Amino acid sequence: MDKFVEKELNGWGRYRGSRSHIYRPEKVNGIAAVVQSRKEGSYIGRGLGRSYGDAALNQGGGVVLTERINRFLSFEPNSGVVSCEAGVTLEEILKVFVPRGWFLPVTPGTKFVTMGGAVACDVHGKNHHRDGSLSNFVLDLKLLLADGQQIRASRDENSDLFWATVGGMGLTGMILSVTLKLRRIETAFIRVNYRRTRNLDETMRLLEEEDQNYNYSVAWVDGQAVGGSLGRSILIRGNHATVDDLSPQQATQPLEFADRRTWTVPPQVPNFVLDRFSIRAFNSLYYRRFRQDPVNSIIDYDRFFYPLDSLLEWNRLYGKRGFIQYQCVFPPDTSRAALVEVLSRLSKEKIPLCLVVLKRFGAETGLLSFPMSGYTLALDMPMLGAPLLSVLHELDQWVIRQGGRVYLAKDSCLSAEAFKEMYPRFGQWQRIKTEMDPQNLFSSDLSRRLRITGVDA
Ligand SMILES: Cc1cc2nc3c(=O)[nH]c(=O)nc-3n(C[C@H](O)[C@H](O)[C@H](O)COP(=O)(O)OP(=O)(O)OC[C@H]3O[C@@H](n4cnc5c(N)ncnc54)[C@H](O)[C@@H]3O)c2cc1C
């Protein structure tokens, strides 16, 4: 069996950290050997650690890294069905399959995540309003259960386990491999439309009226705008470009483009780099970059989907204190009032909002999956200690009253009580967990904090 290293690990927000035994097996059987050894009281899988809080941490227990479990297993060129081990990253899938005319069916805002991590969070992308979450394209999973069995789960086989695992935050077992249906593309480019809005009402109206014209749609919100400008945004919408959309030069090799340069943020960054003044200046400049009239352009998929990926280790920009991303979703009928309340409240408390993104969601999927029909708002803010936490706890209550919920992949501060009110299908999920893992062999700092366990604790 592989040896472990005892080490402190962090979430992407660098606010939550904990010490555990870290295993880095090279083969699927190595994962099974670690988990079956029961050397530690509990285990949790970890991909590239892009969840913001404590979902992939396990204080005093075992953390199983999947980065070396990264082989492609099969590909059907006619249907675009790929099967791969759980540690394969979205970046690797794109590198191999875009030149062959296939794209990810759903992608989060970074390609530095593993398939296992993406399934465990049932990630959503800019196309959720049309296509839903990643699980809609997952055909089959291979799982390692607490009793040591390796089994398949899909819509037709062990379907309860399938719906508990997508969005199940790694707590039903280790995902060993994933079979996924890719999307056909003609080019590696996106036809993008940028449009500036004056306030939240205009933002919401245009999203509702025009979203159906775009496969991908999101609003970058000026988090500093208040009063009549509250919610003013840049709408960023796009569709996959066809060869006819490209310039003659791009059209010669439509599935290729020049790689972007990357920069790496140094390990120590002073706190003032992202303070209230620099954030205000950035937001204002970005908003003014666009005119009122819509602007169209053709850009490669990497610039469109992953603008932050060219700045490696960008989470260090927040300095030692780290940062929090608060992402919540509201049903359609309460969305407007709820969005006004969240944005105004954080502005009144003078909490600097570095990045604010708004988007419409389609239908919900897995038992613990985050998305539900309505509007989701994601807000990045520096970790400002107890005063910020107390505001966020109040917002949690507000989110509950509006029938919404907070995304576990981003969360680091929710209470167990609030979690249970936000996720009404938790009881159903818990019955499956109790059956599959009665001793909570698969646990994490997040599952203990929120009491997402098999037996009602
Ligand atoms: C810049 C940025 C943008 C993002 N944008 C989005 C977005 O648009 N939409 C969205 O939905 N998310 C988004 N995220 C969140 C991110 O997509 C998810 O947290 C993703 O799951 C992280 O994948 P990972 O491989 O790093 O997993 P980790 O962070 O390592 O783990 C995440 C969860 O998956 C579990 N897990 C990992 N591997 C396995 C496995 N093999 N078996 C069982 N469980 C496993 C872990 O236990 C943990 O609960 C973003 C994150 C960043 C940093």
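The values are calculated or read from the model by the stated rules, or taken from the named source; none is laboratory data. No experiment lies behind these values; they were computed from the predicted model shown. No Cβ is skipped: glycine too gets one built from the backbone with ideal geometry, and neighbour counts run over all protein chains shown. Only protein heavy atoms, including side chains, enter the accessible area calculation; ligands, DNA and RNA are left aside. Shrake-Rupley method; radii C 1.70, N 1.55, O 1.52, S 1.80 Å.
Data for the structure
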quantity	calculated
Filter pass, residue 125 being in contact with a Leu (Cβ under 9 Å, 6 or more places away or on another chain), near the ligand (Cβ under 8 Å from one of its atoms) and of a type outside the set (A, V, I, L, M, F, W, C)	yes
Hey, residue 384 over 22 Å from residue 125 (Cβ atoms), open to solvent by 50 Å² or more (accessible area, probe 1.4 Å) and not in a helix (DSSP H, G or I) or not	yes
One residue from 401, 405, 425 being within 15 Å of the ligand (Cβ to nearest atom) and either modelled with pLDDT of 95 or more or not aromatic (Phe, Trp, Tyr) (or both)	405
Exclusive hit being open to solvent by less than 10 Å² (accessible area, probe 1.4 Å), in contact with an Asp or Glu (Cβ under 7 Å, 6 or more places away or on another chain) and more than 8 Å from the ligand (Cβ to nearest atom), set 132, 167	167
Given (1) open to solvent by 10 Å² or more (accessible area, probe 1.4 Å); (2) away from the ligand (no atom under 16 Å from the Cβ); (3) at negative phi; (4) not aliphatic (A, V, I, L, M), index of the condition residue 227 fails	(3)
Output for segment 402-431, where each listed residue is part of a helix (DSSP H, G or I), open to solvent by 20 Å² or more (accessible area, probe 1.4 Å) and within 21 Å of residue 365 (Cβ to Cβ)	420, 421, 427, 428, 430, 431
Members of segment 193-218 found to be surrounded by 17 or more Cβ atoms within 10 Å (Cβ to Cβ) and under 18 Å from residue 131 (Cβ atoms), listed by number	207, 211, 214, 215, 216, 217, 218
Within segment 121-155, tally of residues that are in a loop (DSSP other than H, G, I, E, B) and over 16 Å from the mean Cα position of the chain (by Cα)	7
Search result, residues across segment 282-327 that are open to solvent by 50 Å² or more (accessible area, probe 1.4 Å), part of a helix (DSSP H, G or I) and away from the ligand (no atom under 14 Å from the Cβ)	282, 285, 288, 289, 303
Of all residues making up segment 172-181, the number that are among the hydrophobic types (A, V, I, L, M, F, W, C) and open to solvent by 10 Å² or more (accessible area, probe 1.4 Å)	1
Among residues of segment 139-151, those that are under 16 Å from residue 83 (Cβ atoms) and away from the ligand (no atom under 13 Å from the Cβ), counted	3
Set 151, 190: member being aliphatic (A, V, I, L, M) and open to solvent by 10 Å² or more (accessible area, probe 1.4 Å)	151
Hits in segment 152-161 - residues which are without any contact (Cβ under 8 Å) to a residue 60 or more places away in the chain and within 13 Å of the ligand (Cβ to nearest atom)	153
Of residues in segment 236-250 being touching an Asp or Glu at 6+ places or on another chain (Cβ under 8 Å) and either open to solvent by less than 10 Å² (accessible area, probe 1.4 Å) or without any contact (Cβ under 8 Å) to a residue 12 or more places away in the chain (or both), the one nearest to residue 182 (Cα to Cα)	241
Exclusive hit being in a strand (DSSP E or B) and under 23 Å from the mean Cα position of the chain (by Cα), set 171, 161, 180	180
Matching residues in segment 114-128 - criterion: being buried (at least 23 other Cβ atoms within 10 Å of the Cβ) and either in contact with a helix residue (DSSP H, G or I) (Cβ under 9 Å, 6 or more places away or on another chain) or more than 22 Å from residue 303 (Cβ to Cβ) (or both)	114, 115, 116, 117, 118, 119, 120, 121, 122, 123, 124, 126
Residue list for segment 14-41, filter: closer than 30 Å to residue 321 by Cβ, surrounded by fewer than 24 Cβ atoms within 10 Å (Cβ to Cβ) and within 14 Å of the ligand (Cβ to nearest atom)	14, 15, 17, 18, 22, 24
Filter pass, residue 395 being part of a helix (DSSP H, G or I) and under 22 Å from residue 218 (Cβ atoms)	yes
